[in-house]
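Undergrad: Below you'll find the structure I mean.
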Amino acid sequence: MTAFWLGVIGFVLVLMSGGLMLGLAFLRRKSPPTFREIPAFRHLQDAIGRAVEDGSRLHVSLGRGGLISPQSASALAGLVGLRRLAALTSASDNPPIASAGDASLAMLSQETLRSVHLTSPVGTAFDPTGGRLTGLTPFSYAAGALPLVGDENVSASLLLGNFGPEAGLLTEAAERQGTFSLAASDSLPAQAILYASAQDPLIGEELFAVGAYLEAGPLHPASLIVQDLLRWLVVVVLLVGFVLKLAGVL
Amino acid sequence: MKLRGLLSTVFAMAFGLLVLLGYFFEVQPFYGLRVVFVEWAVILAGFAVLVGLGNLVTVHIKKIRAREKGSVYGLLLIFALLMTFLAGLAWGPDHPNMVLLFRAVQFPVEASLMALLTVSLAYASIRMLRRRLNLFSIVFLGTVLVVLLGTASLPLLGDVPFLGDWVRPFVSQVIAGAGARGILIGVALGTLTTGLRVLFGADRPYGGK
């Protein structure tokens, strides 16, 4: 099969996925689907409530996934989480604080916080240092983000994005401060480390479910359903390939 | 403001779609446009580093002015940043002195943090059993122990024959390999739908309601 036809198949798959997402979002707009319960999100709701009540802050670590890198989707998923968390805590005097290990991501985190602040009922001035670049290498990023956990009246640390092993330092800092930590990453080494060190780790592609569980909009639950459908498609293709290989056709 | 948001969304969608077409169809004009747009993005990302450094300095100046806890470290950071920045401008990033600066300061500091992380992780693993004692946690720790014992030589005993030759390769290459591929397929599907949401303008990381 030529590269052109592979491109056509890929593009058609993307178009179909997009069409399905839009269709499902339209059809299910009045009765949103219910997903399996993930305890981490229930704990997160509790942490948001506590933060609003006691005037503390949430710290969202967005990782090091640059927008022009293959890890950009995890960064975008983290930004969706940041936007929603900022909206949910907009009644509080202390908006969430975001740290990033990539400059473009830090700028987008500022823009995200700014756009939520514009709709916020609280009349305080916007603090442009709410979204911060804490370092450009893995461990300098973690070292720069560590003081945020301890010094900024943070009651919950959320790690949403692309991390490496350095994520363990951030969850350890949250543990030492006795604060809640929820962590999700697209990176396999980080997932292994976060499974051991975070209070509530999210595994696999659960990072991309953050928007749906935080009710960020109708396209988020629809995209989860499309992911499930595509997963079944992949399973079928793998099984057919396995059978054809056994039969000697492939 | 509304017009700005609308324009941003329209531009993001149009450029995103053109780049996507350029990836699937390596024919002109899509391929050429994709290359040009990605080059622009790289230049913008490079400029964003300068803006990000400005943000870093602003945060620490604010800390120093407010005499917050740890503001001395902020002062040290600004001083080191300026010195390194000026040295980089004067010598260029590939100059032996800049390489030495990286090897003598940055590299050992990061290596020390990595060493600290191993201790933190050992402690976190024990804490995990207290916090989340279930089958998955036990399997997780059991796998860690098996792979560690199979990888490292033990004092006096040397390599553990059965673990190192058979169990560790089976666990890390077959079981873990299969699981990792499953997770990566899930991540790829999540990446696809996240990208589509940005293309549809449902997720707008560039601001706007």
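Undergrad: By the gyration tensor of its Cα atoms, with a ≥ b ≥ c the square roots of the eigenvalues, what is the shape of chain B: rounded for a/c under 1.5, prolate for a/b over b/c, or oblate?
TA: oblate
Undergrad: Between B:ALA41, B:ALA66, B:ALA180, which gets the highest mean-square fluctuation from a Gaussian network model of chain B, Cα cutoff 10 Å?
TA: With Cα springs under 10 Å in chain B, the top fluctuation among B:ALA41, B:ALA66, B:ALA180 is at B:ALA66.
Undergrad: Taking Cα pairs under 8 Å and at least six residues apart, what relative contact order does chain A come out at, in percent?
TA: Numbers: 409 pairs, mean separation 51.1, N = 250.
Once divided by the residue count of chain A, the mean separation gives 20 percent.
Undergrad: Continuing with this model, one more query. Would you kindly find the accessible area of B:ASP165, with a 1.4 Å probe and non-protein molecules such as ligands, DNA and RNA excluded, rounding to the nearest 10 Å²?
TA: Roughly 120 Å² of B:ASP165 is accessible to a 1.4 Å probe.
Undergrad: Given an 8 Å cut-off on Cα distances and at least 6 residues of separation, report the relative contact order of segment A:39-92 as a percent.
TA: For segment A:39-92, the relative contact order is 38 percent.
Undergrad: Something else: Report Rg (one decimal) and Dmax (nearest whole number) for segment B:1-118, counting Cα atoms only, units Å.
TA: 21.1, 59
Undergrad: I would also like to ask the following. Rounded, prolate or oblate: pick one for the protein assembly as shown, where a ≥ b ≥ c are the square roots of the eigenvalues of its C-alpha gyration tensor, a/c under 1.5 means rounded, and failing that, prolate if a/b is larger than b/c, else oblate. Don't skip to the end; give the middle numbers.
TA: On the way: a/c = 1.32, a/b = 1.06, b/c = 1.25.
It comes out rounded by the Cα gyration axes.
Undergrad: Something else about it: Place +1 on the Cβ of every Lys and Arg and -1 on the Cβ of every Asp and Glu in chain B, take the dipole about the Cα centre, and give the residue among B:GLN106, B:MET128, B:LEU141 whose Cα lies farthest towards its positive end.
TA: The Cα lying farthest towards the positive end belongs to B:MET128.
Undergrad: May I pose another question? Can you tell me the dipole magnitude for segment A:36-216 around its Cα centre, using point charges on the Cβ only (Lys, Arg +1; Asp, Glu -1), in Debye to the nearest 20? Spell out each step's value before the answer.
TA: Working: 10 positive and 18 negative charges, 46 e Å.
Dipole size: approximately 220 debye.
Undergrad: Grab the DSSP H runs of chain B that are 4 residues or longer, score each as -39,500 (n - 2.57), total them, divide by all residues and round the 222 nm result to the nearest 500 deg cm²/dmol. Show your work: numbers first, answer last.
TA: Numbers: 7 runs with 152 residues, N = 209.
After summing the helix terms and dividing by the residues of chain B, the value is -25500 deg cm²/dmol.
Undergrad: At most 16 other Cβ atoms within 10 Å plus a DSSP loop assignment makes a site exposed; report the longest stretch of chain A without any exposed GluC sites (Glu not before Pro).
TA: Counting only loop sites that pass the neighbour cut-off, the longest clear stretch is A:38-151.
Undergrad: Separate question: For chain B, find the longest principal axis of its Cα atoms and tell me its angle to the long axis of helix B:135-151, 0 to 90°, nearest 10.
TA: Here the helix axis deviates by roughly 80 degrees.
Undergrad: Along the positive direction of the dipole of chain A (beta-carbon charges: Lys, Arg +1; Asp, Glu -1; about the Cα centre), which of A:LEU79, A:VAL237, A:ASN162 reaches farthest?
TA: A:VAL237
Undergrad: Given the protein chains as shown and a 1.4 Å probe, how many square angstrom of B:MET114 are accessible, to the nearest 10?
TA: Near enough 80 Å² of accessible area.
Undergrad: How about segment B:3-107: which GluC sites (Glu not before Pro) there are in a DSSP loop, with at most 16 other Cβ atoms within 10 Å of their Cβ? Kindly include the intermediate steps, with their values, before the conclusion.
TA: On the way: sites: B:GLU26, B:GLU39, B:GLU68; in loops: B:GLU26, B:GLU68.
Hits after loop and neighbour filter: B:GLU26, B:GLU68.
Undergrad: Round to the nearest 10 and give me the degree value, 0 to 90, for the angle of helix A:219-246's Cα axis relative to the longest principal axis of chain A.
TA: For A:219-246 against chain A, the angle is about 40 degrees.
Undergrad: Which one of B:LEU157, B:ALA87, A:PRO201 is farthest out on the positive end of the charge dipole of the protein assembly as shown, using unit charges on Cβ (Lys, Arg +1; Asp, Glu -1) and the Cα centre as origin?
TA: A:PRO201
Undergrad: Report, in debye and to the nearest 20, how large the dipole of the protein assembly as shown comes out about its Cα centre when Lys and Arg carry +1 and Asp and Glu carry -1 on their Cβ.
TA: So the dipole magnitude of the protein assembly as shown works out to roughly 760 debye.
Undergrad: Name the residue, out of B:GLY190, B:GLY16, B:GLY158, whose mean-square fluctuation peaks in a Gaussian network model built on chain B with Cα pairs under 10 Å.
TA: Top of the fluctuation ranking is B:GLY158.
Undergrad: By how many degrees, between 0 and 90 and to the nearest 10, does the Cα long axis of helix B:2-24 differ from the longest principal axis of chain B?
TA: 60 degrees
Undergrad: Only loop residues by DSSP count here, and only those with at most 16 other Cβ atoms within 10 Å; note down the trypsin sites (Lys or Arg not before Pro) in segment B:25-133 that meet that.
TA: Passing sites in segment B:25-133 are B:ARG67, B:LYS69, B:ARG132.
Undergrad: Report the charge-dipole magnitude of segment A:23-125 in Debye, nearest 20, computed about the Cα centre from +1 at each Lys and Arg Cβ and -1 at each Asp and Glu Cβ.
TA: Value, rounded to 20: 440 debye.
Undergrad: Give me the accessible area per residue for chain B, probe 1.4 Å, as a whole number in Å².
TA: Value for chain B: 66 Å² per residue.
Undergrad: Residues of chain A: accessible area per residue at 1.4 Å, in Å²?
TA: Computed with neighbouring chains in place, this is 42 Å² per residue.
Undergrad: Here is a follow-up. Taking trypsin sites (Lys or Arg not before Pro) that fall in a DSSP loop and have at most 14 other Cβ atoms within 10 Å as cut points, what is the longest piece of chain A between them?
TA: Counting only loop sites that pass the neighbour cut-off, the longest clear stretch is A:37-250.
Undergrad: For a bin width of 10 Å, list the pair-distance distribution of chain A built from all Cα-Cα distances, rounded to whole %.
TA: Pairs per bin, as whole percents: 7, 28, 33, 20, 9, 3, 0, 0.
Undergrad: Now a separate question. Kindly provide the helix-only [θ] at 222 nm of chain A, computed as the sum of -39,500 (n - 2.57) over DSSP H runs of four or more divided by all residues, to the nearest 500 deg cm²/dmol?
TA: Helix contribution divided over all residues of chain A: -18500 deg cm²/dmol.
The values are calculated or read from the model by the stated rules, or taken from the named source; none is laboratory data. Keep in mind that what you see is a predicted model, and the values were worked out from it rather than measured. Backbone-built Cβ (ideal geometry, glycine too); neighbour counts: all protein chains shown. Keep in mind that these areas ignore ligands, DNA and RNA; they rest on the heavy atoms of the full protein, side chains included. Shrake-Rupley method; radii C 1.70, N 1.55, O 1.52, S 1.80 Å.
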